[in-house]
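Read the structure below first, then the notes.
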């Protein structure tokens with residue numbers, strides 16, 4: 001469930017989603033867009049093809065999306081159509097070199113929220129995205145579901161089904177909650193401990209060199225004690241992964 005609120009604001013311990021999905025195959029242009037968005041305090045998940053983008057869209061909740069029209073495999077146009085067929089209201093900015101009015105109409109009809117030529121400046125691109133935020137409202141997560149686990153922002157709990165198929169509700173500390181939240185927002189990705197520490201600082205949680213490992217151990221123990229499967233893997237070089245089955 002999503003509710004509306006102002007961008008870049010924290011209230012009562014809840015995080016307001018400022019994560020953007022960028023789908024762009026041109027590496028130079030994609031890097032420039034990601035850099036511009038990061039400088040404006042957005043978190044950016046950048047992928048280069050439509051198939052990978054769709055996996056992200058099915059597993060992660062985003063505030064905004066930027067699609068290149070001409071993608072390999074699944075095009076940006078098809079991504080928009082899939083979203084709208086599933087009644088997903090995610091605001092989408094379509095980027096393309098197509099400058100005919102007819103093409104713009106096609107893009108908007110497919111479900112794009114706005115349409116911008118790739119010849120634009122990064123300043124205009126950021127301004128268009130900020131306008132989309134104001135127009136559609138900033139999404140506040142109340143629940144985040146990945147795999148068999150659901151984080152509940154209202155109760156600071158994680159809900160899961162144990163091995164006996166019984167529903168479990170596990171209460172988490174502030175740090176535990178945000179460590180697990182960050183991992184769940186990046187399923188099947190190898191995440192460095194330093195990235196998680198930076199996220200804890202952003203969430204106003206006290207952070208130190210050992211805090212991530214400590215919270216990971218606590219999370220695993222709570223899942224085990226409740227009879228739930230543990231999806232958190234420890235990788236080499238102080239990295240972690242929240243593993244879910246394909």
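The values are calculated or read from the model by the stated rules, or taken from the named source; none is laboratory data. This one's a predicted model, so the numbers in the text were calculated from it and none came from an experiment. Glycine gets a Cβ as well: all are built from the backbone with ideal geometry, and neighbour counts include every protein chain shown.
Condition check ((1) within 22 Å of residue 62 (Cα to Cα); (2) surrounded by fewer than 16 Cβ atoms within 10 Å (Cβ to Cβ); (3) in contact (Cβ under 8 Å) with a residue 12 or more places away in the chain) across all residues:
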{"position": "87", "(1), (2), (3)": "yes, yes, no"}
{"position": "91", "(1), (2), (3)": "yes, no, yes"}
{"position": "94", "(1), (2), (3)": "yes, no, yes"}
{"position": "99", "(1), (2), (3)": "no, yes, yes"}
{"position": "102", "(1), (2), (3)": "no, yes, no"}
{"position": "105", "(1), (2), (3)": "no, yes, no"}
{"position": "113", "(1), (2), (3)": "yes, no, yes"}
{"position": "116", "(1), (2), (3)": "yes, no, yes"}
{"position": "124", "(1), (2), (3)": "yes, yes, no"}
Which ones in the stretch 50-71 are over 19 Å from residue 117 (Cα atoms) and not in a helix (DSSP H, G or I)?
-> 60, 61, 62, 63
Residue check, residue 21 crowded, with 21+ Cβ neighbours inside 10 Å and modelled with pLDDT of 90 or more | yes
Considering only residues of the stretch 45-97 that are over 18 Å from residue 189 (Cα atoms) and out of contact with any helix residue (DSSP H, G or I) (no Cβ under 8 Å at 6 or more places or on another chain), which is modelled with the highest pLDDT?
-> 81
Single residue of the stretch 113-146 satisfying the filter (touching a helix residue (DSSP H, G or I) at 6+ places or on another chain (Cβ under 8 Å) and within 30 Å of residue 160 (Cβ to Cβ)) that is modelled with the lowest pLDDT = 144
Evaluation of residue 98 against (1) closer than 30 Å to residue 183 by Cβ; (2) in a loop (DSSP other than H, G, I, E, B) (one fails), failing number = (1)
Hey, among 195, 206, which residue is within 25 Å of residue 56 (Cα to Cα) and either modelled with pLDDT under 85 or part of a helix (DSSP H, G or I) (or both)?
-> 195
